[in-house]
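Structure record follows, encoded as structure tokens.
What follows is calculated from the coordinates using simple rules that are stated; it is not laboratory data. Everything numeric here is computed off the predicted structure, so don't read it as measured data. Cβ: placed from backbone, ideal geometry, glycine included. Neighbour counts: every protein chain shown.
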Amino acid sequence: MSTITKIVLKNGKARYKAEVSVNKVRDSARFDTRLEAKRWANEREIELSDSPNKIVKGKTTTDVFERYAREITPTKRGAKWEQIRLRNLTESVLADIPLERLGSHHLEAYRAELEARGLAPNSVIRELAIAKTAIRQATHKSWSWLKRYPWHGVEMPEPGDARDVLITPFEVQRIVVFGKIDEEGVVTTYTQQVAIAFLLAIETAMRLGELTKADRADIDLDSKVWYIPKENAKTSKSRSVPLSPKAIELIKRLPERLDGKLFGVSSSTASVLFRRIKENARIKRNITFHDTRHLALTRMSEIFDLMELCRISGHANPKQLMTYYNKSVSDMAEKFEPA
């Protein structure tokens, strides 16, 4: 049995939801036209009538998430956070569902669960993406747990607005004071290292992970260039960053280490220490370490042209820079010549 339902979205666009039910197995998908929806429903009914959706018997969604976490995730950058998301999936409404019964309504239920928890649209998209990727892996011939991917046509949330936070000079000074680097000299504590990293990020537009992974050998103070190898870069592409006089001064405050690293803290430890500095400084706004990238690129836009900024930031698409350019309109107005 199949039904086709017309759905009108908030933007006025119409989509068609096809639903099928065969032998107590339900599935659904959405399409742009009624013809596409009907064609899919007919094909899906035949598939469900001829054979079950799964190939390997007795497997569930939890089996998929756990195997993916064991075999696939460790090969990725950011494996730690993906492991956490996969663990969360095994405790969600998507857990323990027999693969032969898995349908789009299950993913829609998971989306509803995430939204009910108050997650922002972009966070919901990230959580859904890992679930979809893991289930798609189950269709791969090396696994053969699913005959077909069951979530075609499931709509993702509309991405939220890009973060628009520019750290203020007052907030920078509070980090300097409570990071205990307001006095001159070589730093000695991890808290001071994180505060130095904060200021370096403002000077270089580098990410926290790129800073904490850096070797002192990557930096040429004479040429005023900081080389970021591809294994340290988020984009997996190497790049070089020009160093300002302030950046060079900050680097010189970091003591040389036996392991050759510039910093002695990992990115996760640095994140914890940065939050502690913020709390002690009583900064009320929810600024993050990554917001330094917004401030850095906004400042650099006064010095470098668009293509130079792309080289510094590592963006292949200049449009992505708009996410980080946060100069206020009132500041732009100051550029007009007096009447």
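Summary table below
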{"read-out": "Given charges at Cβ of Lys, Arg, Asp, Glu: the chain dipole, positive-most of V186, A18, S313", "value": "A18"}
{"read-out": "Listed residue (M156, S238, F289) projecting farthest to the positive dipole end of the chain, Cβ model", "value": "M156"}
{"read-out": "Debye intensity ratio in log₁₀ form over the Cα atoms of the chain, taken at each q of 0.08, 0.10, 0.13 Å⁻¹", "value": "-0.55, -0.78, -1.06"}
{"read-out": "Size of electric dipole in the range 91-220: Cβ of Lys, Arg +1 and of Asp, Glu -1, about Cα centre, debye, nearest 20", "value": "780 debye"}
{"read-out": "Only Lys, Arg (+1) and Asp, Glu (-1) charged, at Cβ; the range 169-333 dipole about Cα centre in debye", "value": "600 debye"}
{"read-out": "Pair V22, I84: separation of 7 Å Cα→Cβ label points (nm)", "value": "4.2 nm"}
{"read-out": "Modelled FRET efficiency - R0 35 Å, V225 with T139, Cβ distances, 0.05 increments", "value": "0.15"}
{"read-out": "Calculated SAXS-style log₁₀ I(q)/I(0) at q = 0.10, 0.12, 0.21, 0.22 Å⁻¹ - the range 1-130, Debye, Cα scatterers", "value": "-0.41, -0.59, -1.22, -1.25"}
{"read-out": "Radius, Kirkwood style, for the range 169-333 when every pair of distinct Cα atoms is counted (Å)", "value": "16.3 Å"}
{"read-out": "Exposure proxy ranking, count of Cβ atoms within 10 Å, fewest first, for V225, V22, V194", "value": "V225, V22, V194"}
{"read-out": "Spatially proximal aspartates and glutamates relative to K278 (Cα-Cα < 18 Å; intrachain offsets below 8 disregarded)", "value": "E171, D182, D291"}
{"read-out": "Solution diffusion estimate, µm²/s, Stokes-Einstein, the range 59-160, Kirkwood Rh from C-alpha pairs, 25 °C, viscosity 0.890 mPa s", "value": "178 µm²/s"}
{"read-out": "Listed residue pairs exceeding 21 Å between alpha carbons, taken from K80/K147; K17/K38; K284/K319", "value": "K80/K147; K284/K319"}
